[in-house]
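None of the figures in this text is laboratory data; all of them are computed from the coordinates on show. The structure displayed is predicted, hence computed values, not measured ones. Virtual Cβ from ideal backbone geometry, glycine too; neighbours counted across all protein chains shown.
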Ligand code: ATP
Ligand code: MG
């Protein structure tokens, strides 16, 4: 039997096999990126369910074999021994799929874990509880929360909901939301919950500290409100489960018996409450296996504590510790780069990764003159790889902040490169972006009542759904537009009560229509976000608002770029361009597509080709943390995570000048990039051009359509907007490098560019901007 098993798991290396087979006590697998930690979890579960725990790594006799089971059964029948104990042992021998609990950090990782289990175990895998901390706890609470005095149909409040509740609490407690910004209060409460501190304890701990006192008061009020609404926020989901287990031993016991095997992936990113949870579930049997990498701890800002992994050996007595050092994911060059970067951190246990995968190619570093050139480089490189036979889906683009995706999305959409955004919305699907686009659309066309309804009460103007419905009815009966009815709302009895805000809204829009006629698009943009109060609304939202403000600033960048690229820029022209970017036909959920995501959401994943973009001081590491050594170490761990996602080739890009958030900045290359020794990287783009020139620094020219082409062309073929000036007409036949032959169905001039709709023989119909595509006329 031993030989069969060893053969079945022969792909695993010796240490991995030890980890797969040793399943009786606490086990910590502490190992670097790509060393097979997640793979071990999958195989360990598969092994348990296929063969039970009858095999032990140290070639010791089976712990519980068929004979033992028969013996225990006999004891039970005779009434000897502790029946409960015996039943517990029997219940998990051999373990059933539902005896296994596997916890991972993201939904995407949980999905992959389930897929991999299903491919090894088939249907049985469906009964394994594999999910995130939150999804697992919600499942437990849906059954058990009655004990804590909630109803099982509890609602889950998202951050927006929670902030709203905090605002109410502040009002009731006569606290100003200037002095106590709601989002900050929520953060403080969240940290208290992570530490399992209840409102009463928070109050005691606050002592004479005024601010802490008030936080404790708001916390108490907030808790009361959620409870009476039968609602839980995200932190409650974990905390309530811990409370449930601590206060109701019999409930805990039942779940301990059920989950006889507990495994936690990405353990370095657990917080205190999560640690308490897994300790409780495994307290009776100690069959807990956690895997992690202290160098990949990147959620400190959310309360994660690396301590959980570093003190595992003390928290769980007799824990076995296994280290894995061989990396199976990447080339040696990629690992050398990763090792070099993380080597600059002082707060670490220290380990070096190696692989037998071979050296592979150099890390390709591309320094662009600006972010448009950066996007063009990424697009061109992907197209080239696809032409060589790779899939779009083998490519991942990783950035520090969501807002960085906008420029790349814009380029991809125009060049018809299929892409998907993981763990976030595409830029033009984000609420604040859609809202402002809706304003622009209504200004451009007041008859657009769909968009008008989107913004009529956004920000809040006291115009409710009923009022809007009444106005729509009037409009329908008169054959007028909704906007017209709003403008004359005082004439209609059904609207008289709300005539004031309705008329104000209509005149606000009319004001914008005048602004649009008199000034440039970016001025119009500014007056919309200011005069509607939209910006003020976001400013009051704290951290979350900040991200949204960044996105709006990024929208402004896009408007500015549109204006610069198009001599005859118009509002309707810009909206047309946006409609192309939001064209849903271009995106098929299952289609082969490049993926974009933040470095944080890439944790645990791997891709043959990885682009780490925006590697600049001020972006990564970010402006706010550049001078704080602890924070820089956290950012460096993030760089290590990003670099180690790559299997075959790593591309790192940055730009000498970048417009982000509506401002142009000039950033030096990131220190994380300089930390990679020259021997592992090949530099191209501006860095090469600059070194060939006698002038040491490069000053990008002011951006105009013409020198945009000139500067792009000077890079070589890499980022040349391909066919500036070529005229196309419907009916012409063309060839595209990847999509093959096709016929132009329509050619619509848009500014200085042309939107082509092309029916390809095998790849369907695509919309492509002529300047962003390499087409050959047939
Ligand atoms: P991370 O720290 O990034 O989460 P990890 O340690 O969880 O990485 P895995 O994702 O499990 O690593 O494995 C990385 C890659 O190596 C996967 O493609 C996996 O299939 C492969 N792999 C793991 N172990 C082996 C092995 N013994 N032989 C061959 N390939 C392996
Ligand atoms: Mg992993």
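For the reader, a short list of remarks on this structure follows.
- Helix 629-643 vs. the chain, principal-axis angle (Cα, 0 to 90°, nearest 10): 90
- For the range 76-176: rounded, prolate or oblate by the Cα gyration tensor [a/c cutoff 1.5]: oblate
- For the range 117-251, relative contact order (Cα pairs under 8 Å, six or more residues apart, normalised by length) works out to 33 percent.
- Nearest-ten-degree value, helix 499-518 long axis tilted from longest Cα axis of the chain: 60
- Kirkwood estimate for the range 173-296, i.e. one over the average of 1/r between Cα atoms, Å: 16.3
- The relative contact order of the range 479-580, computed from alpha carbon pairs under 8 Å that lie at least 6 residues apart in sequence, is 18 percent.
- Within the range 349-479, the proportion of C-alpha pairs whose separation exceeds 17 Å stands at 73%.
- Between residue 388 and residue 71, full extension at 0.36 nm per residue minus the direct alpha carbon distance yields a gain of 107.8 nm.
- Extension gain for the segment residue 179 to residue 730, taken as residue separation times 0.36 nm less the Cα-Cα distance, is 192.2 nm to one decimal.
- Comparing Cα centroids, the range 525-573 and the range 87-158 end up 43 angstrom apart.
- Average Cα contact separation per residue, the chain, under 8 Å, 6 or more apart, as relative contact order %: 15
- Principal semi-axes in Å for the range 245-351 [√(5λ), Cα gyration tensor, largest first]: 32, 15, 11
- Estimated inter-spin distance, residue 168 and residue 8, nm [label 7 Å along Cα→Cβ]: 5.5
- Normalised by 2.2 N^0.38 Å, where N is the number of residues, the alpha-carbon radius of gyration of the range 274-337 equals 1.38.
- The chain, helix-only ellipticity at 222 nm - DSSP H runs n ≥ 4, -39,500 (n - 2.57), divided by all residues, nearest 500: -14500 deg cm²/dmol
- Translational diffusion of the range 481-582, µm² s⁻¹ [Kirkwood Rh, Cα pairs; Stokes-Einstein; 4 °C; 1.567 mPa s]: 83
- Rounded if a/c under 1.5, otherwise prolate or oblate - the range 157-237, Cα gyration tensor axes: oblate
- In range of the label at residue 624: residues from the range 385-404 whose backbone nitrogen is under 19 Å from the point 7 Å along Cα→Cβ: 399-404
- Straightening the chain between residue 761 and residue 496 buys 89.5 nm, computed as 0.36 nm per residue apart minus the Cα-Cα spacing.
- Label point distance in nm, residue 340-residue 225, each placed 7 Å from Cα along Cα→Cβ: 5.3
- The long axis of helix 133-144 is offset from the longest Cα principal axis of the chain by roughly 60 degrees.
- Label-point separation in nm, residue 570 to residue 361, each point 7 Å along Cα→Cβ: 4.5
- Each listed q (0.15, 0.25 Å⁻¹) maps to a log10 I(q)/I(0) for the range 249-298, found by the Debye formula over equal Cα scatterers with no solvent: -0.42, -0.91.
- Shape category assigned to the chain from the gyration tensor of Cα positions, a/c cut at 1.5: oblate
- Reported to the nearest whole Å, the Cα centre-to-centre distance from the range 647-687 to the range 749-766 is 33.
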